[in-house]
Amino acid sequence: MAEYKKPENEAEFIENFKQKNPLMNSTQAHYESSRCLYCYDAPCMNACPTSIDIPLFIKQIHTGNVEGAAKTIYDSNWLGNACGTVCPTGVLCEGACVYNEQDVPPLKIGRLQNFATRNVIDSKKNIYEPGKENGKKVAIVGSGPAGIACACELRLLGYKVDIFEAKEKPSGLTVYGIAPYKITNEEVLDEISYLQNQLGFSINYNSEIKSKTQFQELENNYDAIFLGLGLGPTAYRNIPGEDKEGVFGGVEFVEDLRMNHNKTLVGDKVVVLGGGNTAMDVASESARMGASQVSLVYRGTKDKMGAYGFEYELALSAGVKGIFDASPIEILGDEKVKGVKFKRKNGEEFIIDSDMVIKATGQAKQKRFYDMIDRLELDSASKIKVDLDTNQTTNQKYFAGGDAINGGAEVVNAAYDGKLAAKGIHKWLNKNLK
Amino acid sequence: MADLSVDFAGIKSPNPFWLASAPPTNSGYQVMKAYDAGWGGAVWKTLGMPTINVSSRYGSVNYRDTRMAGFNNIELISDRPLEDNLREMSEVTKRFPNHATIASLMVDTREQWIDIIKRVEDAGAKGIELNFGCPHGMCERGMGSAVGQDPVALKTIVEWVMDVANIPVITKLSPNISHITDPGLAAIEANTDAISLINTVKSIVGIDLDTYAPYPVVDGKGSNGGYCGPAVKPIALHMLKDLKQHPKIKHIPISGIGGIENWRDVVEYILLGATNVQVCTAVMHYGFGIVREMEAGLVKFMDDKGYKTIYDFAGKALPNVLEWKDLNLKYKVKAKINEDKCIGCDLCYIACDDGAHQAIEIPNEGSRIPRVIDENCVGCNLCALVCPVENCITMERVDDGTQFKTWDQLTNENEIPNTWNDSRAGGKGHYVPDPLLALKEIRKDKSGERAKKAE
Ligand SMILES: Cc1cc2nc3c(=O)[nH]c(=O)nc-3n(C[C@H](O)[C@H](O)[C@H](O)COP(=O)(O)OP(=O)(O)OC[C@H]3O[C@@H](n4cnc5c(N)ncnc54)[C@H](O)[C@@H]3O)c2cc1C
Ligand SMILES: Cc1cc2nc3c(=O)[nH]c(=O)nc-3n(C[C@H](O)[C@H](O)[C@H](O)COP(=O)(O)O)c2cc1C
Ligand code: SF4
Ligand code: SF4
Ligand code: SF4
């Protein structure tokens with residue numbers, strides 16, 4: 001039984017993908033901010049990968065210094081607005097709030113964060129100025145959260161920054177990957193323009209860096225290079241029938257959805273393979289696009305799923321059905337998908353009829369690039385190796401961060417990495433000078 | 001960007017944020033930690049006559065879910081050996097030569113004052129604050145507020161101090177007095193360099209309903225304490241204004257103290273003429289870290305308004321604080337309810353009907369959205385104050401702004417009402433409902449819409 005009717009137009013799409021975390025109004029922000037205890041060595045702050053001074057910005061909201069609150073947030077996290085809505089706050093800051101110990105709802109930190117950041121973004125009030133030009137240049141490959149964060153921080157330090165981006169929009173998976181009910185495209189892009197307008201880094205779109213020559217050119221023209229490449233397309237799973245029409249990769253499906261909204265083609269009976277957060281998102285999204293039946297099939301047991309519990313709950317509430325202990329052994333059909341055959345651990349086999357299969361089984365690591373850069377080492381899981389204090393790679397001229405070094409985490413981790421790398425670059429270039 | 005540094009009566013400080021003389025400045029450890037956190041100065045916990053402190057020392061007024069909206073204590077001046085304090089003070093002043101480390105003092109005889117001033121000067125103190133405020137314990141021994149309440153004694157001691165002190169002297173006043181200008185003038189006559197205020201207000205914050213002892217309880221008994229924290233700010237602001245408007249006192253720098261917790265409080269103190277602020281309770285509640293919020297907020301305020309230093313706006317509110325007799329009697333406002341914002345709590349209705357001027361009604365059966373009866377509204381603000389929704393009830397100006405008449409002018413023109421039934425009096429002819437309508441049974445009989453609602 002479908003919970004959602006297929007959206008025929010943008011208005012219906014917006015209705016089906018209603019924002020999970022709508023903006024607070026000032027009355028809500030006033031009451032909510034009054035609850036903060038201003039804890040010492042605040043657990044919420046310690047749980048934030050970018051260590052935003054949460055009690056400070058909440059107090060600033062409460063005393064009417066909303067712009068100051070936004071500054072406190074951006075001082076630690078250049079994707080402060082995106083993070084406010086897309087961070088899994090329940091397992092980060094809000095999960096650590098001391099109120100949980102009393103079974104009292106924690107502070108709505110993410111919502112308050114957006115209250116502050118949206119205030120400056122919407123009013124276009126600049127709160128930063130680029131640092132004094134220091135004559136040095138840094139190239140950044142990839143304009144995802146890691147690349148953007150690195151660019152902002154470098155501009156504060158006075159570097160000239162050029163970003164090279166394969167796609168036509170900035171912010172990487174924040175605009176191309178994250179579920180549309182978490183954040184709208186406009187909201188993502190508004191934050192990037194807000195930052196770009198005051199800090200002035202350049203982004204070259206449709207400019208994939210894909211050859212050794214191109215990397216060498218960057219090395220010749222720039223003092224340092226930051227790699228914010230993220231991960232690659234959905235990995236091939238070697239399931240017989242995987243090439244049939246109607247089989248899609250998870251990230252590719254979401255990208256299509258983010259860009260084309262209600263015009264995205266979604267089957268009537270959808271099978272989603274995987275047990276991670278991407279699988280949960282994709283299943284929810286298919287259901288919200290009006291599929292009459294969405295089966296989320298995971299090979300292990302429910303408790304082994306990599307996804308957060310709340311993401312699974314969200315998928316269930318959208319009408320998704322969870323099926324466990326079932327591995328896909330063949331995708332059936334002639335040219336087009338007709339169904340998927342699964343096998344349980346006890347050998348039992350069964351078929352789920354379907355006209356669309358989405359593999360949310362993980363993105364490929366970007367190994368191909370690393371042959372193009374000399375002395376760049378990868379770890380055993382094909383992630384770029386970096387020094388944890390500076391995010392410098394084994395080739396000193398290159399720094400890296402985000403999904404490319406952590407194998408796929410959250411926007412907030414990429415934001416942290418980008419900033420750390422910028423400081424690492426600054427340290428390294430200034431040491432070299434002496 | 002704004003420059004926060006101050007020169008307070010010759011005492012230089014990187015910013016106007018000082019810790020008040022109190023437990024947060026009890027030791028070198030705390031003062032250094034505070035400077036490290038961003039405070040510009042600290043008035044050391046009062047040094048002087050040896051004391052013993054009781055156990056259980058603080059009490060508080062918790063208002064709804066707000067803890068320590070008011071705070072009181074029965075603590076005395078420092079009970080640590082003078083030697084230890086002085087050694088730590090000199091460590092602090094050596095390490096932080098540009099911070100305002102001030103010694104707060106309270107002793108008894110002239111000899112003692114001369115001796116202790118010499119010693120704190122040797123320890124590198126940048127200034128001296130005279131504690132004439134402590135309203136418990138010390139006053140029973142003829143010091144603290146016993147001096148603060150006796151302008152003649154205060155003047156004598158300040159004169160002793162001014163005779164020998166080589167560093168600036170701040171006289172800290174007690175609020176436990178009818179006219180703050182009396183001790184203020186005494187301090188000026190004795191040539192003090194600056195004044196700080198307020199110290200704590202005599203108080204009892206509550207009584208234990210089982211043991212009948214006042215808080216804080218010491219072995220089943222208690223004593224009056226000194227009240228401070230957010231609750232005392234209005235009292236302090238008023239006293240600051242009185243001093244800053246007094247022709248013989250206003251030239252003197254004043255350090256504002258009492259209930260300061262965030263940047264707004266700081267700005268308010270400066271607008272009434274303080275050129276530095278001191279904080280105790282807020283730090284006792286949240287630690288030294290709160291200075292970050294104060295500093296960021298103050299800087300933003302100054303940048304927004306284009307002020308370079310705090311002297312650019314210090315005292316700017318003073319010309320707007322007048323005597324009542326000089327206020328414009330022709331200015332009229334009336335309450336206006338924004339129906340779109342109203343959530344129908346009807347607090348405004350009952351506040352006005354029971355507590356003010358019966359100028360709000362609940363018109364339609366079924367609707368909880370009240371309506372202002374313009375003819376009855378005297379523009380008192382009560383409804384707007386009780387309304388829980390921001391900007392839902394606004395007070396709108398209704399006079400045309402062309403007329404100006406004060407009580408003072410009326411007096412000069414011999415136009416003030418002077419008989420019991422004088423038609424020039426304000427409330428004459430003002431609507432009040434029939435008194436009997438107040439009674440439930442009669443209201444029922446009349447069964448008027450508004451009457452029914454009043455139940
Ligand atoms: C389906 C899905 C849902 C998610 N949901 C959430 C969520 O709810 N909350 C959350 O916090 N995180 C979520 N994430 C994770 C989050 O989006 C990523 O962790 C984050 O975007 C990583 O940032 P990044 O900068 O490292 O990489 P990316 O965002 O992947 O950005 C990399 C950028 O580099 C560009 N690029 C790559 N190679 C080249 C090249 N050779 N030349 C030029 N440009 C290149 C890419 O086009 C891209 O723009 C989700 C991820 C997915 C896949
Ligand atoms: C526990 C406690 C002890 C205090 N001790 C002193 C003191 O030794 N000397 C003094 O001048 N003031 C003392 N004070 C008063 C404070 O310095 C300050 O004037 C008062 O608390 C008002 O400021 P606040 O509202 O920020 O707390 C004390 C206050 C408290 C709460
Ligand atoms: S843990 Fe909760 S109450 Fe404490 S500072 Fe953080 S948000 Fe405020
Ligand atoms: S605050 Fe510290 S000194 Fe005071 S009662 Fe608690 S533990 Fe003891
Ligand atoms: S107090 Fe405010 S919200 Fe409540 S009824 Fe009156 S106008 Fe409406």
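Worth pointing out:
- When the listed pairs A:Lys59/A:Lys108; A:Lys5/A:Lys341; A:Lys304/A:Lys345; A:Lys383/A:Lys423 are checked against a 23 Å cut-off, the alpha-carbon distance exceeds it for A:Lys5/A:Lys341.
- Under-5 Å amide H pairs with B:Asp399, H placed in peptide plane, nonlocal only: B:Lys332
- Each peptide in B:421-433, A:322-334, B:193-205 receives the mean, over its residues, of other Cβ atoms within 10 Å, and ordering these scores from highest gives B:193-205, A:322-334, B:421-433.
- Built amide H within the under 5 Å cut-off of A:Gly319, gap 5+: none
- Surface calculation, 1.4 Å probe, protein heavy atoms: A:Leu378 sits at approximately 50 Å² accessible.
- Counts of other chain beta carbons within 10 angstrom of each beta carbon in peptide B:285-296 average 5.
- Here r is the Cβ-Cβ distance between B:Asn338 and B:Asn53 and R0 is 60 Å; the resulting FRET efficiency, rounded to 0.05, is 0.65.
- Accessible area of B:Lys336 in the full protein assembly, 1.4 Å probe (Å², nearest 10): 120 Å²
- GNM result for chain A, Cα springs below 10 Å: residue of A:Val294, A:Val188, A:Val175 fluctuating most strongly: A:Val188
- Loop-located trypsin sites (Lys or Arg not before Pro) in the range A:357-400, at most 16 other Cβ atoms within 10 Å (DSSP): A:Arg375, A:Lys385
- In nm, spacing of pseudo-spin labels at A:Asp303 and B:Asp374 (7 Å Cα→C-beta vector): 7.1 nm
- A:Ile14-B:Asp84 pseudo-label distance in nm [points 7 Å out on the Cα-to-Cβ vector]: 6.7 nm
- B:Asp374 accessible area, 1.4 Å probe, all protein chains in place, Å² to nearest 10: 80 Å²
- Across the range B:256-270, rounded Karplus estimates of 3J(HN,Hα) from the backbone phi angles (6.51 cos²θ - 1.76 cosθ + 1.60, θ = phi - 60°) give x, 9, x, x, 7, 9, 9, 4, 5, 4, 4, 4, 4, 4, 5 Hz, Gly and Pro being marked x.
- Listed residue pairs exceeding 22 Å between alpha carbons, taken from A:Lys125/B:Lys336; B:Lys305/B:Lys405; A:Lys132/A:Lys431: A:Lys125/B:Lys336; B:Lys305/B:Lys405
- Working note: Karplus 6.51/-1.76/1.60 with θ = phi - 60° gives the range B:149-154 the couplings 8, 10, x, 5, 5, 4 Hz, where Gly and Pro are set to x.
- In order along the range A:214-228, the Karplus-derived 3J(HN,Hα) couplings, from 6.51 cos²θ - 1.76 cosθ + 1.60 at θ = phi - 60°, round to 4, 5, 5, 4, 4, 4, 6, 8, 10, 7, 7, 10, 10, 9, x Hz, and Gly and Pro are given as x.
- Ordering of B:140-151, A:34-45 by burial proxy (mean other Cβ atoms within 10 Å per residue, highest first): B:140-151, A:34-45
- Surface composition of the protein assembly as shown: carbon plus sulfur atoms hold 50% of the accessible area, using a 1.4 angstrom probe and ignoring ligands, DNA and RNA.
- Solvent exposure, largest accessible area first (probe 1.4 Å, DNA, RNA and ligands not counted), of A:Glu187, A:Glu129: A:Glu129, A:Glu187
- Buried on complex formation within the range A:60-85 (loss of at least 10 square angstrom of accessible surface versus the isolated chain, 1.4 Å probe, ligands and nucleic acids ignored): A:Gln60, A:Thr63, A:Gly64, A:Asn65, A:Glu67.
- Heavy-atom accessible area with a 1.4 Å probe sorts B:Trp324, B:Trp420, B:Trp39, largest first, into B:Trp420, B:Trp324, B:Trp39.
- In this simple spin-label model, placing a label point 7 Å from the Cα along the Cα-to-Cβ direction at both B:Val321 and A:Glu313 gives a separation of 5.3 nm.
- Summed buried accessible area for A+B [probe radius 1.4 Å, Å², rounded to 100]: 1300 Å²
- Taking amide H as placed 1.01 Å from N in the peptide plane, A:Thr361 has its amide H under 5 Å from the amide H of A:Gly250, each at least 5 places away in sequence or on another chain.
- No Cys partner within the rule (Cβ under 4.7 Å), chain B: B:Cys134, B:Cys139, B:Cys228, B:Cys280, B:Cys342, B:Cys345, B:Cys352, B:Cys377, B:Cys380, B:Cys387, B:Cys392
- Accessible-area order (highest first, 1.4 angstrom probe) of the listed residues A:Lys137, B:Lys45, A:Lys321: A:Lys321, A:Lys137, B:Lys45
- Set of lysines with alpha-carbon distance to B:Lys155 below 27 Å, sequence-local pairs under 8 removed: B:Lys12, B:Lys45, B:Lys118, B:Lys126, B:Lys172, B:Lys202, B:Lys233, B:Lys241, B:Lys244, B:Lys248, B:Lys250
- Averaged over peptide A:32-40, the number of partner chain Cβ atoms lying within 10 Å of each residue's Cβ comes to 2.
- The residues of the protein assembly as shown expose on average 46 square angstrom of accessible surface per residue, using a 1.4 Å probe on protein heavy atoms.
- GNM remark for chain A: springs join alpha carbons under 10 Å apart, and the peak mean-square fluctuation among A:Gly200, A:Gly230, A:Gly401 falls on A:Gly200.
The values are calculated or read from the model by the stated rules, or taken from the named source; none is laboratory data. Just so we're clear, the structure is a prediction, and the values are computed from it rather than from any experiment. No Cβ is skipped: glycine too gets one built from the backbone with ideal geometry, and neighbour counts run over all protein chains shown. Note: accessible area is taken over every heavy atom of the protein model, side chains too, but ligands, DNA and RNA are not part of it. Shrake-Rupley method; radii C 1.70, N 1.55, O 1.52, S 1.80 Å.
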